[in-house]
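Comments concern the structure below.
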Amino acid sequence: MKNRAFTLILSATVIFGLLCGCSSLNQKTELYPNDKEKCTLHSDNVTQFTYQDKSYTILNNTVAERELGSWVGSIKKFAVVDAKGRILLQQDTDTASFMTLADIADTEPNATAVIPFLNVYEPKSSTEKGVIVDANGEFHQAIYTETVKTSDQIFHFDQKQSDPFSGSFTVNPRDCTQLLRANNVYQITDQTVSEDQIGEYLDIIAQSFVFDKKTKLKIPAEDLSKIDWDGKDSEKQKRESWSYGEVYAIQNTNTAKSVAVVINSEYRIAVCL
């Protein structure tokens, strides 16, 4: 996969906090009661899922949280998909780890995205059809698959953002202390923000890198596995090990200026250069 990074096709909320043990998704998933209907994604089409033995198709239409009715079901999966929306692998959101998702980059070369799916709700308005599903960090409408019309806009899991300050974040292959987003470079700083300063979820990186502290280049796996018998290599090379999690907006801060990225379970500020 390009740059061995997952494009979390979200641009909105979610979740990777459960991988850090301290952020919002972890708290959110802990609230899941066992009495909710278990929903299953369709392996051949990530835009569809089954709820109460009926197939639903997720639309690109989204609603505000205030429009949610009763919470009736849950999916709780990270879906790893290819470019055609076929699910290559599913990972429970409450058991995923940085290493688990990072390993997927190596084991699933055709993977192009990791999409999180959480809850299923009834719409608050009785006149609305179908259900609402928390997918990709937004509340998407979903209708019976058999009623889908050609005019309906299906869930754009592979949608590319045209806004230069929208879209997915990746680690700069030339500098592991930087993030790339479209044509923009964000420098990760040592400054941190508290969880109550965290705003909208933007993306997820889900990778772990060991890099040279001086060159900031990723150290190849084959070099990491070499035994430094005399200790000379370790003296020459100072190594950093970072686990990159979700990327968030910072409250009252324009994302074109800075964002917050989870590095080793801390919310570190990344400034746009």
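I need the full set of residues from segment 180-210 which are under 19 Å from ARG239 (Cα atoms) and touching a Phe, Trp or Tyr at 6+ places or on another chain (Cβ under 6 Å), in order please. Scanning segment 180-210 gives GLN207, SER208, PHE209. For segment 174-229, filtering for residues that are at pLDDT 85 or above, within 22 Å of the chain's Cα centre (by Cα) and in a loop (DSSP other than H, G, I, E, B) leaves 2.
Report, by residue number, each residue of segment 114-158 that is outside any strand (DSSP E or B), within 22 Å of the chain's Cα centre (by Cα) and not charged (D, E, K, R). ASN136, GLY137, PHE155, HIS156, PHE157 - these are the residues of segment 114-158 that are outside any strand (DSSP E or B), within 22 Å of the chain's Cα centre (by Cα) and not charged (D, E, K, R).
The values are calculated or read from the model by the stated rules, or taken from the named source; none is laboratory data. Note that the coordinates shown come from a computational prediction; the quantities given were computed from them, not determined experimentally. Neighbour counts are summed over all protein chains in view; Cβ atoms, including those assigned to glycine, are modelled from backbone coordinates with ideal geometry.
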